[in-house]
Amino acid sequence: MTLSAADAGLYAFALLVLFLTPGPVWMALLARAMSGGFHAAWPLALGVAVGDALWPLLAILGMSWVATEFEGVTVLLKFVASAFFLWLGWTIIRNADKQIAADSRLTRPGMWAGFVAGVIVILANPKAILFYMGMLPGFFDLTRLTWADIALIVALSIAVPLFGNVLMAAFIGKLRDLLSSPTALRRLNLSAGALLIVVAAIIPFT
């Protein structure tokens, strides 16, 4: 394994910040938990984990080939990743007041429906792989990754959001108040956006 604890820690921190940014998964979890409780929400979190495993794996395999075939591209990808995080943080701050739209297709009752809804909400968005393609090169030298490194990256990509989603499902009452309050939602988005910009500033020096 070539990854250091600092590399893995920074990546896990970035995943945590991204999890704290409200989006479609938040709304689907909120709606399912409000209608059927924790029992209805946790299968959705497992469904989301499928995409959280697939997208980074596809991004690593694709971007590793690019970094291997084109000399010097690794340094460029690091700055691309930094710019991506900077843009993402600024976008979140700029749209901090916008409410999240719910999708009724993601709130059908039943455990299997919840799991499928989680898979849909994470795989139906092609921006996910673009996100990982823009993010991973900033944290890791893709040309040096071993299968043990890749397994750790995928495990972190699953574990951090899954832990957060399950915790969210368990404490959905407070999150409902948070998402229904424009002031609280704005503060959360501003904080997450600022943290992403901090990550963008750190990446070139890692």
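The values are calculated or read from the model by the stated rules, or taken from the named source; none is laboratory data. All values derive from a computational prediction rather than experimental measurement. FYI the Cβ positions are ideal-geometry reconstructions off the backbone, even for glycines, and counts take in every protein chain you see. Keep in mind that these areas ignore ligands, DNA and RNA; they rest on the heavy atoms of the full protein, side chains included. Shrake-Rupley method; radii C 1.70, N 1.55, O 1.52, S 1.80 Å.
Below is a table of values for the structure above.
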quantity	calculated
Test for Trp90: is it under 17 Å from Val121 (Cβ atoms), open to solvent by 10 Å² or more (accessible area, probe 1.4 Å) and modelled with pLDDT of 70 or more	no
Those residues of the range 143-162 which are of a type in the set (A, V, I, L, M), over 16 Å from the mean Cα position of the chain (by Cα) and open to solvent by less than 40 Å² (accessible area, probe 1.4 Å), in sequence order	Leu145, Ile150
Inter-residue pairs, beta-carbon under 7 Å, first in contact (Cβ under 8 Å) with a residue 24 or more places away in the chain and part of a helix (DSSP H, G or I) and in the range 138-160, second acidic (Asp, Glu) and open to solvent by less than 50 Å² (accessible area, probe 1.4 Å), 6+ apart	Phe139/Asp7; Ser157/Asp52; Ile158/Asp52
Subset tally (residues that are open to solvent by less than 10 Å² (accessible area, probe 1.4 Å) and either hydrophobic (A, V, I, L, M, F, W, C) or not in a helix (DSSP H, G or I) (or both)) for the range 38-59	5
Neighbours by Cβ (under 9 Å, 6+ apart or cross-chain): first from the range 186-204, modelled with pLDDT of 75 or more; second acidic (Asp, Glu)	Arg186/Asp97; Asn189/Asp97
